[in-house]
Every structure is written in structure tokens, then in C-alpha cells.
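Peer 1: Sending over a structure as C-alpha cells; questions will come in a sec.
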């Protein structure tokens, strides 16, 4: 999971809290697509902490969650019959 914050101090505070709780966490700059101003890039905190804990920290420090899990595979459509079933036997 990733949490994104606009303030470096907040990102470092969240990393320190997660590491103190026994989780792995790192902070790095995360540029938006097409963003050219290096000073406005947000800070991404990547961690193995549970989503609930990370969500509480995000709510407390005005950030947002970015779920980096791969999307679910597409569902294969069912093979439907081409004609109605016949309920009567031919005797």
C-alpha cells in the first residue's frame, strides 16, 4: 500500500510511526504525470502495514491512499445455449 502526502515532514513522521510499530516503510518523491515542477511533487510512503492503520494515518494527516494492487482479471463470459431447451421427449 502507498499513502501520499504533500508535506515532507508529514511523510517522514508517518514513516517514523510505522517503523516504530514494527513495519517496513519508506518515503520518496512521487511526481504526477506531466508535472514539471520538482518542488510540487507529493511524497509517497510505501509500507507493508495493514490498510486500516495506514488509512487512520492518512485521515489524521490529510493524505490519500493509493492502492498499488494489480487490477482484478477480467471475468470470462459464460457460454450460453444458442437455442431453448426442449422439455418434451420425441416418442
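Peer 1: Residue 53 versus (1) part of a loop (DSSP other than H, G, I, E, B); (2) at pLDDT 85 or above: which is the lone unmet condition?
Peer 2: With respect to (1) part of a loop (DSSP other than H, G, I, E, B); (2) at pLDDT 85 or above, residue 53 is out only on (1).
Peer 1: Collect the residues in region 62-82 that are more than 11 Å from the chain's Cα centre (by Cα) and touching a residue at least 60 places away in the same chain (Cβ under 8 Å), keeping them in residue-number order.
Peer 2: Across region 62-82, the qualifying residue is only 63.
Peer 1: Same structure again: For the structure I just gave you, tell me whether residue 3 is surrounded by 12 or more Cβ atoms within 10 Å (Cβ to Cβ), assigned to a strand (DSSP E or B) and either at negative phi or at pLDDT 90 or above (or both).
Peer 2: Yes: the conditions hold for residue 3.
Peer 1: I would also like to ask the following. Going through 30, 59, 21 one at a time, which residue ends up being under 17 Å from the mean Cα position of the chain (by Cα) and modelled with pLDDT of 90 or more?
Peer 2: Within the list 30, 59, 21, the selection yields 59.
Peer 1: Tell me, which residue of region 62-90 that is touching a strand residue (DSSP E or B) at 6+ places or on another chain (Cβ under 7 Å) and modelled with pLDDT of 75 or more is farthest from residue 1 (Cα to Cα)?
Peer 2: Once the filter is applied, the top-ranked residue is 63.
Peer 1: Condition first: within 12 Å of residue 54 (Cβ to Cβ) and either part of a helix (DSSP H, G or I) or touching a helix residue (DSSP H, G or I) at 6+ places or on another chain (Cβ under 7 Å) (or both). Now tell me which residues in region 6-25 satisfy that.
Peer 2: 14, 15, 17, 18, 25
The values are calculated or read from the model by the stated rules, or taken from the named source; none is laboratory data. In this text, all values refer to a predicted model and were calculated from it rather than measured experimentally. FYI the Cβ positions are ideal-geometry reconstructions off the backbone, even for glycines, and counts take in every protein chain you see.
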